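Chemist: What follows is a single structure, and I will ask about it in a moment.
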Amino acid sequence: MIAFRDFAPQVVEQGGFLKWTKYEDFADIVERVNTWIDEQSVQVMNIETIQLPEERAWCTSRTGTTTTYYPVAESPRMRQIVRVWYRG
């Protein structure tokens, strides 16, 4: 059976209203992938990276003296995940 597993960056520091969430470095993700492969003893077929928009992004709309912050569907910030395709 062919399957895949995604390894997304883990949160290092939670963001707030005006502060982006900080995620672990890509090297840490690769380390987790290697550990998982060793522990599961799977036959790896392929490893790829995928960029996804960050879940929460905010845009501003300024009218007169009021600034409104609102969420947007497309984020200027991207997160990179590792996808491992394996035979298990």
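So that you can scan it fast, the table gives a plain yes or no per residue for (1) of a type in the set (S, T, Y); (2) loosely packed, with under 12 Cβ neighbours inside 10 Å; (3) modelled with pLDDT of 90 or more:
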{"site": "G15", "(1), (2), (3)": "no, no, no"}
{"site": "Y23", "(1), (2), (3)": "yes, no, no"}
{"site": "D28", "(1), (2), (3)": "no, no, yes"}
{"site": "N34", "(1), (2), (3)": "no, yes, yes"}
{"site": "V44", "(1), (2), (3)": "no, no, yes"}
{"site": "E54", "(1), (2), (3)": "no, no, no"}
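Chemist: Find all pairs meeting these conditions: Cβ atoms under 6 angstrom apart; at least six residues apart or on different chains; first residue within the stretch 1-25 and aromatic (F, W, Y); second residue surrounded by 13 or more Cβ atoms within 10 Å (Cβ to Cβ) and in a strand (DSSP E or B).
Modeler: As it stands, the answer is F4/R83; F4/W85; F7/V82, since those pairs meet every condition given.
The values are calculated or read from the model by the stated rules, or taken from the named source; none is laboratory data. Keep in mind it's a predicted model, so treat the numbers as computed, not measured. Virtual Cβ from ideal backbone geometry, glycine too; neighbours counted across all protein chains shown.
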